[in-house]
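Participant: I have a structure here, written as structure tokens, and I will follow up with some questions on it.
The values are calculated or read from the model by the stated rules, or taken from the named source; none is laboratory data. Since this is a predicted model, take the numbers as computed values, not measurements. Neighbour counts are summed over all protein chains in view; Cβ atoms, including those assigned to glycine, are modelled from backbone coordinates with ideal geometry.
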Amino acid sequence: MNALAWIETKRDGGVLSDADWRAFVRAVVEGTVPDYQISALLMAVYFRGLSEAETAALTLAMRDSGRTFTWPGDSRPVVDKHSTGGVGDKVSLPLAPLLAALGFRVPMISGRSLGITGGTLDKLESIPGCRTRLPPEAFQAQVQEVGCAIVGQTEDLVPADRKLYALRDATGTVPSVPLITSSILSKKLAEGIEALVLDVKCGRAAFMRDLDSAGALAHSMLRLATACGVRTTALVTAMDHPIGRAAGNWLEVKDTHEFLVACAESRPGSDRTAGWNDLERLVVECAAHLLRLTGRAGGMDEAREQVRACLYSPEPLRVWRRMLATQGADLDAFERALGRDTLAPCVREVHAVEDGWVTDCDARIVGEIVRDLGGGRRKAEDSVDARVGVDRLVKVGEKVHRGDLLARVHGPDAERTRAAAARLEKAFRIGTSRLHPAGPILWEVGVTVSR
Ligand code: URA
């Protein structure tokens, strides 16, 4: 079949064979099909969808378009977690070292920020000297030795996705369940993992705004990953309020570091970690699911207990430092930066104008502010300013008095920082009665153990 026939078949609601999808992906990578025909096919898929078999065929062809990893036999299971992206979503940063401390190997291949959602690579690169482009051999050696590495996609890892994602971004075809499924899972399957937790974000600051669409994406990824032999759980989690106490690249690294230090120095449930209840819950749930999926805990209660015992010990903080140092970070410069109040030229505070309880902090507004200060990207080729963002965010459910700090804005100059602070005021709602936040886990989509 040629490209025109593929397009016509999908345009008319037909089904392409495994061989067609393999030929299509080969043509994409070899550059033998023009961008306008790839885009037309993507648009046809956007409107017509793909059958489960087609989604699987496309995903596997994409996975095989580049290098795939295999891991030496070892008692430590190879696992990962993937989030569809949010505001203040720094879960991967403490989770990777925690999982290594729990005895897993974590070859985490992460993405960059786009739009209002942050990217783990941009966050890590805000640490002096820290590299996210490692040669594959160095990546594998680090995972074997340290237990975890967080790196970016290289030219030879799922090259089909690089090309297809860029065209989807330019043609309005990103929000398609089968295309997101194939894009995310092709990269996760190339990592050679045996268990995976998917964190599908849902809410006003997520790709998927409602439970129906988040659930459809979660089901699609769960079914396919499981069919490919990866033990998988999908969680649908709330993305209405920023996660943790900061949003913005450097500020999220600092937030993560402070969280790990607070955990190392306290006990579960202590006041020291109260501002990170949402982050703690997400980290614990993801790690506990991986313990259960790999048979290292009998049930979720036992798994959570194991995870908390490890999280509230010095070990994850030690692995975090070791991971960063192995990726080239200058730990002395990192400590000096952590000791500074800000790396940005200007800081401005936002205060409560009345007494009451915080009932809302709109993550979409916070994400837009960070992006517009230069902390995020409008287009994939934009650069980011790692210094800017928002920190010391009060959490929904906290009591405040008139004049109390609600958050701070870190900006590139006085004018933009002042304007951002005025916008940030509108993200908060203060009410007269206490609202108990429901917790971030909305839906455990599938507790499926394959094999
Ligand atoms: N993240 C990806 O890697 N791919 C998508 O299609 C969407 C989010």
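Participant: Scan the stretch 167-194 and report the pairs whose first residue is under 25 Å from residue 77 (Cβ atoms) and whose second residue is of a type in the set (Lys, Arg) and more than 12 Å from the ligand (Cβ to nearest atom), with Cβ atoms within less than 6 Å and a gap of 6+ or a chain change.
Facilitator: 186/63; 189/63; 190/63
Participant: List, please: which pairs have Cβ atoms under 6 Å, are six or more places apart or on different chains, and start with a residue in the stretch 255-281 that is in the same structural domain as residue 307 (by TED's automatic domain parsing) and among the small types (Gly, Ala, Ser) and end with one that is buried (at least 20 other Cβ atoms within 10 Å of the Cβ) and in a loop (DSSP other than H, G, I, E, B)?
Facilitator: Correct list of pairs: 275/245.
Participant: Could you give me the residue pairs with C-beta distances under 7 Å whose first residue belongs to the stretch 83-106 and is farther than 24 Å from residue 181 by Cβ, whose second residue is within 16 Å of the ligand (Cβ to nearest atom) and of a type in the set (Val, Ile, Thr) wherever it lies, and which are 6+ apart or on separate chains?
Facilitator: From residues that are farther than 24 Å from residue 181 by Cβ, the pairs are 93/120.
Participant: Going by the structure shown, is residue 350 surrounded by 13 or more Cβ atoms within 10 Å (Cβ to Cβ) and more than 30 Å from residue 174 (Cβ to Cβ)? Quick ask: steps written out before the conclusion?
Facilitator: Values: surrounded by 13 or more Cβ atoms within 10 Å (Cβ to Cβ): yes; more than 30 Å from residue 174 (Cβ to Cβ): yes.
Considered against the rule, which asks whether it is surrounded by 13 or more Cβ atoms within 10 Å (Cβ to Cβ) and more than 30 Å from residue 174 (Cβ to Cβ), residue 350 comes out as yes.
Participant: How do the helices (runs of 4 or more DSSP H) wholly within the stretch 1-70 filter down when requiring 3 or more residues that are surrounded by fewer than 19 Cβ atoms within 10 Å (Cβ to Cβ): which remain?
Facilitator: Values: elements: 3-11, 18-30, 35-48, 52-63.
Once the helices (runs of 4 or more DSSP H) in the stretch 1-70 are filtered for at least 3 residues that are surrounded by fewer than 19 Cβ atoms within 10 Å (Cβ to Cβ), what remains is 3-11, 18-30, 35-48.
Participant: Can you work out which of the residues in the stretch 194-224 that are assigned to a strand (DSSP E or B) and modelled with pLDDT of 95 or more is farthest from the ligand (Cβ to nearest atom)?
Facilitator: Taking the stretch 194-224 as the starting set, the residues that turn out to be assigned to a strand (DSSP E or B) are 195-202, 208.
From what's left, modelled with pLDDT of 95 or more: 195-202.
Working: 195: 19, 196: 14, 197: 16, 198: 11, 199: 12, 200: 11, 201: 10, 202: 14 Å.
Top of the filtered list is 195.
Participant: Check whether at least one residue in the stretch 235-245 is crowded, with 22+ Cβ neighbours inside 10 Å and within 14 Å of the ligand (Cβ to nearest atom), and report yes or no.
Facilitator: Yes.
Participant: Also, quick follow-up: If we keep just the residues of the stretch 99-141 that are in a loop (DSSP other than H, G, I, E, B) and of a type in the set (A, V, I, L, M, F, W, C), which is surrounded by the fewest Cβ atoms within 10 Å (Cβ to Cβ)?
Facilitator: As a first pass, look at the stretch 99-141 and keep what is in a loop (DSSP other than H, G, I, E, B): 102-104, 111-113, 115-116, 118-119, 125-135.
Retained after the next criterion (residues that are of a type in the set (A, V, I, L, M, F, W, C)): 102, 104, 116, 127, 130, 134.
Details: 102: 27, 104: 25, 116: 24, 127: 24, 130: 22, 134: 19.
So the residue we want is 134.
Participant: Then there's this: Can you tell me how many residues in the stretch 142-160 are in a helix (DSSP H, G or I) and out of contact with any Pro (no Cβ under 8 Å at 6 or more places or on another chain)? Outline the logic, then answer.
Facilitator: Step one: of the stretch 142-160, the residues in a helix (DSSP H, G or I) are 142-146, 159-160.
Those left that are additionally out of contact with any Pro (no Cβ under 8 Å at 6 or more places or on another chain): 142, 145-146, 159-160.
Going through the stretch 142-160 one residue at a time, the tally reaches 5.
Participant: Ok, one more. Out of the stretch 406-446, which residues are without any contact (Cβ under 8 Å) to a residue 12 or more places away in the chain and either charged (D, E, K, R) or under 30 Å from residue 220 (Cα atoms) (or both)? Full working, then the answer.
Facilitator: The first filter runs over the stretch 406-446 and keeps only residues without any contact (Cβ under 8 Å) to a residue 12 or more places away in the chain, leaving 415, 419, 422.
Matches in the stretch 406-446: 415 only.
Participant: Among (1) hydrophobic (A, V, I, L, M, F, W, C); (2) assigned by TED's automatic domain parsing to the domain that holds residue 193; (3) under 20 Å from residue 171 (Cα atoms), which single condition is residue 102 missing?
Facilitator: (3)
Participant: Okay, moving on. Can you give me the number of residues within the stretch 154-180 that are among the β-branched types (Val, Ile, Thr) and near the ligand (Cβ under 8 Å from one of its atoms)? Even if it seems obvious, please write down each step before you answer.
Facilitator: Kept after step one, since they are among the β-branched types (Val, Ile, Thr), are these residues of the stretch 154-180: 154, 158, 171, 173-174, 177, 180.
Narrowing the set further to residues that are near the ligand (Cβ under 8 Å from one of its atoms) leaves 174, 180.
Looking only at that region, the number is 2.
Participant: Can you name the residue in the stretch 195-212 that is in contact (Cβ under 8 Å) with a residue 24 or more places away in the chain and farther than 25 Å from residue 247 by Cα and is also surrounded by the most Cβ atoms within 10 Å (Cβ to Cβ) among such residues?
Facilitator: Residues of the stretch 195-212 that are in contact (Cβ under 8 Å) with a residue 24 or more places away in the chain, as a first pass: 195-208, 211.
If we keep only those that are farther than 25 Å from residue 247 by Cα as well, we get 195-196.
On the way: 195: 25, 196: 27.
Ranking the qualifying residues of the stretch 195-212, first place goes to 196.
Participant: Do we find that residue 19 is among the hydrophobic types (A, V, I, L, M, F, W, C), in contact with a helix residue (DSSP H, G or I) (Cβ under 6 Å, 6 or more places away or on another chain) and outside the structural domain of residue 176 (by TED's automatic domain parsing) in this structure?
Facilitator: Values: among the hydrophobic types (A, V, I, L, M, F, W, C): yes; in contact with a helix residue (DSSP H, G or I) (Cβ under 6 Å, 6 or more places away or on another chain): no; outside the structural domain of residue 176 (by TED's automatic domain parsing): yes.
For residue 19, the condition - among the hydrophobic types (A, V, I, L, M, F, W, C), in contact with a helix residue (DSSP H, G or I) (Cβ under 6 Å, 6 or more places away or on another chain) and outside the structural domain of residue 176 (by TED's automatic domain parsing) - is not met.
Participant: Let me ask something additional. Read through the list (1) near the ligand (Cβ under 10 Å from one of its atoms); (2) acidic (Asp, Glu); (3) touching a Phe, Trp or Tyr at 6+ places or on another chain (Cβ under 9 Å), then give the number of the only condition that residue 191 fails.
Facilitator: Evaluating residue 191 over (1) near the ligand (Cβ under 10 Å from one of its atoms); (2) acidic (Asp, Glu); (3) touching a Phe, Trp or Tyr at 6+ places or on another chain (Cβ under 9 Å) leaves (1) as the failure.
Participant: Restricting the search to the stretch 161-179, which residues are hydroxyl-bearing (Ser, Thr, Tyr), over 19 Å from the mean Cα position of the chain (by Cα) and in a helix (DSSP H, G or I)? Quick ask: steps written out before the conclusion?
Facilitator: Filtering the stretch 161-179 down to residues hydroxyl-bearing (Ser, Thr, Tyr) leaves 165, 171, 173, 176.
Adding the requirement that they be over 19 Å from the mean Cα position of the chain (by Cα) leaves 171, 173.
The answer is 171, and nothing else.
Participant: Same structure again: Checking residue 445 against (1) at pLDDT 95 or above; (2) under 20 Å from the mean Cα position of the chain (by Cα); (3) not in a loop (DSSP other than H, G, I, E, B): exactly one of these is not met. Which one?
Facilitator: (1)
Participant: Further question on the same structure: Could you tell me whether any residue of the stretch 133-152 is under 19 Å from the mean Cα position of the chain (by Cα), within 12 Å of the ligand (Cβ to nearest atom) and within 30 Å of residue 319 (Cβ to Cβ)?
Facilitator: Within the stretch 133-152 (the criterion being under 19 Å from the mean Cα position of the chain (by Cα), within 12 Å of the ligand (Cβ to nearest atom) and within 30 Å of residue 319 (Cβ to Cβ)), the answer is yes, since at least one residue qualifies.
Participant: Are any of the residues in the stretch 283-297 under 18 Å from residue 101 (Cα atoms), more than 20 Å from the chain's Cα centre (by Cα) and of a type in the set (Gly, Ala, Ser)?
Facilitator: Yes.
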